[in-house]
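Enquirer: If you scroll down you'll find the structure; I have some questions about it.
The values are calculated or read from the model by the stated rules, or taken from the named source; none is laboratory data. Note that the structure is a prediction, hence the values are computed from the model and not measured. Ideal geometry is used to build each Cβ from the backbone, glycine not excepted, and the neighbour counts take in all protein chains shown. Heavy atoms of the whole protein, side chains included, go into the accessibility calculation; ligands, DNA and RNA do not. Shrake-Rupley method; radii C 1.70, N 1.55, O 1.52, S 1.80 Å.
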Amino acid sequence: MANIAAQRIQREFREVIKSEEVAKCHIKLELKNDEYTELKGEIAGPPDTPYDGGVFQLDIIIPETYPFNPPKVKFITKIWHPNISSVTGAICLDILKDQWAAAMTLRTVLLSLQALLSAAEPDDPQDAVVARQYKEQQSVFRQTAKHWTYIYAKGPHREAELEAKVSQLRGMGFEEHKARVALSTCDWNIQRATDHLIS
Amino acid sequence: MKVKIKSWTAVGTWEWVSNDDTCGICRMSFEACCPDCRTPGDDCPLVWGECTHCFHIHCIVKWLQSSQQQQLCPMCRQEWKFKE
Ligand SMILES: [Zn+2]
Ligand SMILES: [Zn+2]
Ligand SMILES: [Zn+2]
């Protein structure tokens with residue numbers, strides 16, 4: 001790995017683990033290898049959002065050309081958000097693309113992702129299905145996002161009604177996650193979700 | 001005995017004068033050279049932009065070469081112009 005990238009990540013890693021946000025359990029960073037090329041990030045769901053109380057894990061890959069190119073970041077934890085793919089965890093965030101600047105750090109990236117959870121940008125979506133629901137059915141969106149946070153991110157808020165619908169489809173022989181995706185996509189309409197799963 | 005300073009003439013300072021004490025690109029101290037150089041000093045000079053931000057010349061040149069679009073300061077995103 002290029003000299004500058006490795007040295008900078010070492011410094012940034014120390015900067016993050018000493019930061020105030022880590023002390024307050026808002027963000028976390030772990031090394032996955034000794035070369036500082038792969039890291040695991042963690043952000044807490046911000047208060048007053050459907051992600052509140054959840055813990056979201058991120059996969060961070062440092063390119064050889066860092067910091068002249070941004071780190072590659074995606075969500076490992078499944079999440080229902082207009083700017084994050086519910087299938088792959090890919091993120092649509094300008095600073096991870098053309099708005100990256102060499103002065104940004106892993107700490108600013110983690111904090112920006114946390115900010116993205118508080119303020120979605122549905123007009124620049126990564127997941128068109130979620131973005132449509134966000135715009136047209138805001139309350140269904142919030143319930144769905146809360147449910148996903150409970151199931152995948154250890155969130156504290158149960159959505160019993162939605163869980164019952166997932167169980168109903170499971171009872172019909174569908175795999176749990178697929179059933180959840182179909183229901184979430186079809187605004188929790190059982191009939192449409194079933195058609196969606198069969199088609 | 002009390003000493004009163006009547007006048008003070010600064011003859012020089014060893015510290016680099018800059019907005020911060022580390023380069024925002026490589027995060028090394030300005031007293032040290034960038035990670036691609038071995039010895040501090042003239043080999044790895046500092047440069048300032050018109051926005052007043054300061055970097056190792058090697059670092060800012062690499063950044064300007066790597067950004068496809070406009071040439072922006074990596075700190076403040078204003079258009080980067082070398083200060084004469
Ligand atoms: Zn530098
Ligand atoms: Zn240098
Ligand atoms: Zn600047």
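Enquirer: Hey, can you tell me all the residues within region A:160-184 that are open to solvent by 30 Å² or more (accessible area, probe 1.4 Å) and under 23 Å from the mean Cα position of the chain (by Cα)? Give the derivation first.
Expert: Taking region A:160-184 and keeping what is open to solvent by 30 Å² or more (accessible area, probe 1.4 Å), we get A:160-161, A:163-165, A:167-168, A:170-178, A:181.
If the condition is that a residue be open to solvent by 30 Å² or more (accessible area, probe 1.4 Å) and under 23 Å from the mean Cα position of the chain (by Cα), then A:Ala160, A:Glu163, A:Glu175, A:Glu176, A:His177, A:Lys178, A:Val181 are the ones that fit.
Enquirer: Now a separate question. Within the bounds of region A:107-118, is there any residue that is of a type in the set (Lys, Arg), at pLDDT 95 or above and either open to solvent by 40 Å² or more (accessible area, probe 1.4 Å) or in contact with a Leu (Cβ under 6 Å, 6 or more places away or on another chain) (or both)?
Expert: First, pick out the residues of region A:107-118 that are of a type in the set (Lys, Arg): A:107.
Among the residues that remain, those that are also at pLDDT 95 or above are: none.
No: region A:107-118 contains no residue that is of a type in the set (Lys, Arg), at pLDDT 95 or above and either open to solvent by 40 Å² or more (accessible area, probe 1.4 Å) or in contact with a Leu (Cβ under 6 Å, 6 or more places away or on another chain) (or both).
Enquirer: Restricting attention to region B:55-72, which residues are hydrophobic (A, V, I, L, M, F, W, C), at the interface with another protein chain (Cβ under 8 Å from one of its Cβ atoms) and closer than 18 Å to B:Pro45 by Cα?
Expert: Taking region B:55-72 first, the residues hydrophobic (A, V, I, L, M, F, W, C) are B:55, B:57, B:59-61, B:63-64, B:72.
Then drop every residue that is not at the interface with another protein chain (Cβ under 8 Å from one of its Cβ atoms), which leaves B:59, B:63, B:72.
Residues satisfying the conditions are B:Cys59, B:Trp63.
Enquirer: Quick one: which of B:Leu46, B:Leu64, B:Leu72 is within 14 Å of ligand 2 (Cβ to nearest atom) and modelled with pLDDT of 90 or more? If you could, list the steps in order and put the result at the bottom.
Expert: Working: B:Leu64 fails: within 14 Å of ligand 2 (Cβ to nearest atom); B:Leu72 fails: within 14 Å of ligand 2 (Cβ to nearest atom).
Criteria check complete, one pass: B:Leu46.
Enquirer: Can you tell me which residues in region A:119-145 are part of a loop (DSSP other than H, G, I, E, B), surrounded by fewer than 19 Cβ atoms within 10 Å (Cβ to Cβ) and among the charged types (D, E, K, R)?
Expert: Selection gives A:Glu121, A:Asp123, A:Asp124.
Enquirer: Right, next: Go through the residues of region A:28-39 one by one and say whether even a single one is surrounded by 18 or more Cβ atoms within 10 Å (Cβ to Cβ), among the hydroxyl-bearing types (Ser, Thr, Tyr) and not in a helix (DSSP H, G or I). Spell out the reasoning first.
Expert: Going residue by residue through region A:28-39, those that are surrounded by 18 or more Cβ atoms within 10 Å (Cβ to Cβ) are A:28-29, A:36-37, A:39.
Going one step further and asking which of them are among the hydroxyl-bearing types (Ser, Thr, Tyr), we end up with A:36-37.
Still in the running and not in a helix (DSSP H, G or I): A:36-37.
Checked against the condition, which is being surrounded by 18 or more Cβ atoms within 10 Å (Cβ to Cβ), among the hydroxyl-bearing types (Ser, Thr, Tyr) and not in a helix (DSSP H, G or I), region A:28-39 yields at least one hit.
Enquirer: Which of the residues that make up region B:41-54 are away from every other protein chain (no Cβ under 13 Å), surrounded by 15 or more Cβ atoms within 10 Å (Cβ to Cβ) and either part of a loop (DSSP other than H, G, I, E, B) or of a type in the set (Phe, Trp, Tyr) (or both)? Show your work before the answer.
Expert: Taking region B:41-54 and keeping what is away from every other protein chain (no Cβ under 13 Å), we get B:41-43, B:45-48, B:50, B:52.
Checking the rest, the ones that are also surrounded by 15 or more Cβ atoms within 10 Å (Cβ to Cβ) come to B:46-48.
Within region B:41-54, just B:Trp48 meets the criteria.
Enquirer: Let me ask another. Under 9 Å between Cβ atoms, at least 6 apart or on separate chains: pull out the pairs that start in region A:77-98 with a residue that is at positive phi and end on any residue that is open to solvent by 20 Å² or more (accessible area, probe 1.4 Å).
Expert: Short answer, once both residue conditions are applied: A:Gly89/A:Asp59; A:Gly89/A:Lys74; A:Gly89/A:Ile76; A:Gly89/A:Lys78.
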